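These notes concern the structure reproduced below.
The values are calculated or read from the model by the stated rules, or taken from the named source; none is laboratory data. In this text the structure is predicted, and so the values were computed from the model without any measurement. Here the Cβ positions follow ideal geometry from the backbone for every residue, glycine too, while neighbour counts run over all protein chains shown.
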Amino acid sequence: MLGAALLWGTTGTVSSFAPSGAPALAVGITGLAVGGILLLLTSGSAVRVLLSRDRNRLATTVTGAIAVLAYPASFYPAVASTGVAVATVVALGSSPVFTGVFGRLLNGEHLTLRWSMATVSAVVGCAALVLGAGTDARLSPAGVGLALVAGGAYAAYTVLGARLVVSGASARGAVGSMFGAAALVALPLAALMRPVWLGTVSGALVIAHLAVVTTFLAYLCYGYGLRSVPAAVVATLSLFEPAVATVLGVTVVGERLPLLSWCGLAVLATGILALAVARRRA
């Protein structure tokens, strides 16, 4: 799961190299479409899940695909409305809470005291890290609402993916079916956005990275993690993503971070390490 978060953390840095005429939503939808198709085509078990006659499994897959699509459709508009800092904190900070509740209600997962303490620590650290560095922090009720939808969407497809694995689907089958189904819808949407910028070298390379690295490879890691890690823990470990993005911003893009952000990074790392070590011992 930390490997998946490590790959996701490259998204912001790589996306910054997209052509100036490429809208962020179009870049995200196109990356999801191509990466989702890769996940579907490379997993026969994903195709079998989609063609399953088990109504419960099919309903879980379709609902998960809707959640997969809902994440970029709500997160990118949230960024445009309320800024990167606030949208990131609200979406990522709320997802462990949503996941804990959904996991408890749908999968009967037990929420431990260690998880609660590690999650609070990670969320506080994430808020200090992002808001300390954010220069566009502004509050918009609509933007915050959309960011909460994004956090709920991530939680939903995490819990539903775990449910598919518990029902007997393979890790690749669970992830590939949800993202493959979402990609079949995202592909025509991406075409409607007229991505002429894909004809440029930078546009093609950015989409290749988003499709292969941050979607295909990252969600392979994510799927394998769902086999043994409870959904609530998955969401907390995913808070490692902004830490990776921040370090890349400093080392690659040349950004500067205030002391508050460095303190937040330390608190975030402490919470995640405490949870990761506990899972490894278990």
Practice problem: Being under 25 Å from L239 (Cα atoms), more than 16 Å from the chain's Cα centre (by Cα) and of a type in the set (A, V, I, L, M, F, W, C) is the filter here, so list the residues in segment 8-33 that pass it. | Solution: F17, A18, A26
Quiz prompt | Residue check, L275 modelled with pLDDT under 70 and under 21 Å from the mean Cα position of the chain (by Cα) | solution = yes
Practice problem: May I ask you to list the residues in segment 61-78 that are of a type in the set (V, I, T) and surrounded by fewer than 23 Cβ atoms within 10 Å (Cβ to Cβ)? | Solution: V62, T63, I66
Quiz item: Given the structure, is L32 surrounded by 20 or more Cβ atoms within 10 Å (Cβ to Cβ), in contact with a Phe, Trp or Tyr (Cβ under 9 Å, 6 or more places away or on another chain) and of a type outside the set (G, A, S)?
Solution: yes
Exercise. Kindly state which helices (runs of 4 or more DSSP H) lie completely within segment 179-271 and contain at least 1 residues that are over 30 Å from L113 (Cβ atoms).
Key: 201-211, 218-226, 240-248
Quiz item: Given the conditions (1) touching a Phe, Trp or Tyr at 6+ places or on another chain (Cβ under 8 Å); (2) over 22 Å from G12 (Cα atoms), and given that Y224 satisfies all but one, which numbered condition is not satisfied?
Solution: (1)
Self-check item: Matching option when the condition is polar (S, T, N, Q), at pLDDT 90 or above and out of contact with any Lys or Arg (no Cβ under 7 Å at 6 or more places or on another chain), among T30, T13
Solution: T30
Exercise. Kindly check whether there is at least one residue in segment 152-172 that is assigned to a helix (DSSP H, G or I), surrounded by fewer than 24 Cβ atoms within 10 Å (Cβ to Cβ) and without any contact (Cβ under 8 Å) to a residue 40 or more places away in the chain.
Key: no
